[in-house]
1. Can you work out which of the residues in the range 8-25 that are modelled with pLDDT of 90 or more and among the hydrophobic types (A, V, I, L, M, F, W, C) is farthest from Phe178 (Cα to Cα)?
2. Please find, among Gly84, Gly80, the residue that is in a strand (DSSP E or B) and touching a residue at least 24 places away in the same chain (Cβ under 8 Å).
3. Could you tell me how many of the residues in the range 177-191 are surrounded by 14 or more Cβ atoms within 10 Å (Cβ to Cβ) and of a type outside the set (A, V, I, L, M)?
4. Got at least one residue in the range 139-149 being under 17 Å from the mean Cα position of the chain (by Cα) and closer than 22 Å to Val59 by Cα?
5. Does Glu21 qualify as being of a type in the set (D, E, K, R) and surrounded by 14 or more Cβ atoms within 10 Å (Cβ to Cβ)?
6. Say we look at the range 30-77 and pick out the residues that are in a strand (DSSP E or B), touching a Leu at 6+ places or on another chain (Cβ under 8 Å) and free of Cβ contacts under 8 Å to residues at least 40 places away in the same chain; which of these is surrounded by the fewest Cβ atoms within 10 Å (Cβ to Cβ)?
7. Restricting attention to the range 186-207, which residues are assigned to a strand (DSSP E or B) and more than 25 Å from Ser81 (Cα to Cα)?
8. Limited to the range 148-167, what total is found for residues that are of a type in the set (S, T, N, Q) and in contact with a Phe, Trp or Tyr (Cβ under 7 Å, 6 or more places away or on another chain)?
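The values are calculated or read from the model by the stated rules, or taken from the named source; none is laboratory data. Just so it is clear, the model here is predicted, and its values are computed rather than measured. FYI the Cβ positions are ideal-geometry reconstructions off the backbone, even for glycines, and counts take in every protein chain you see.
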Amino acid sequence: MRTLAFLLISSLAALAQYKAEAAGAPPAELNPAIAATLHKTGSKILNPDGSVMCEVWLVASNPKASAGPEEASTLAVVQGSLVGAIRFPTKNSDRRGQTIKPGVYTLRYSMYPVNGDHQGAAPQRDFALLTPAADDSDPAATPTFDVLVGWSRKASGTPHPAVLSIWKQEAADFKPGFAAMGEHDWVLQAKVGDVMLAMILVGRAEG
């Protein structure tokens, strides 16, 4: 009986699914100028037990375009450009496994440097860095890498920024919504203006 019960519990665990539903308007904690650039409704991600894991709002227009994708990146977006906002109702973690306190954060585009310190973090260099909403007020700002990392350290509370892995999804693979990808990751796919964006919201880098 114990073996049967164990197998039943294991089977139920394997069927556990994260889900997504529509979120409300961008949170009041955001600066009004930043909130005005976001979609009026976001995506609410639910844990397998039905509790809210996070809510995400992406910018409604195309982020500032750069001359072209840099080496090993997929997005032609200006460093530091605003791409969205995220709210965690409870303690969570970023792509590196760093603890993120409950709260509201902006999401800005950056790339990790090619210096050998980020091997295995992701196949592409594109990331969204989190900054506490209270410390980010200008949607038109494009902070440099060093400045943005400084802002994001306030979110992680460590020497490393708080990050989410993102990339431009190819049209043939674009499936709007939230679904499992690979063995461990759950990915939100949505448009940022005309850009088809993928963002890992559940999963930790192995490298």
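1. Ala25
2. The match here is Gly84.
3. Matching residues across the range 177-191 total 5.
4. yes
5. no
6. Checking each candidate, the answer is Val52.
7. The answer is none; no residue qualifies.
8. Applying the first criterion (of a type in the set (S, T, N, Q)) to the range 148-167 yields 152, 156, 158, 165.
From what is left, the residues that are in contact with a Phe, Trp or Tyr (Cβ under 7 Å, 6 or more places away or on another chain) are 165.
The number of residues fulfilling the criteria is 1.
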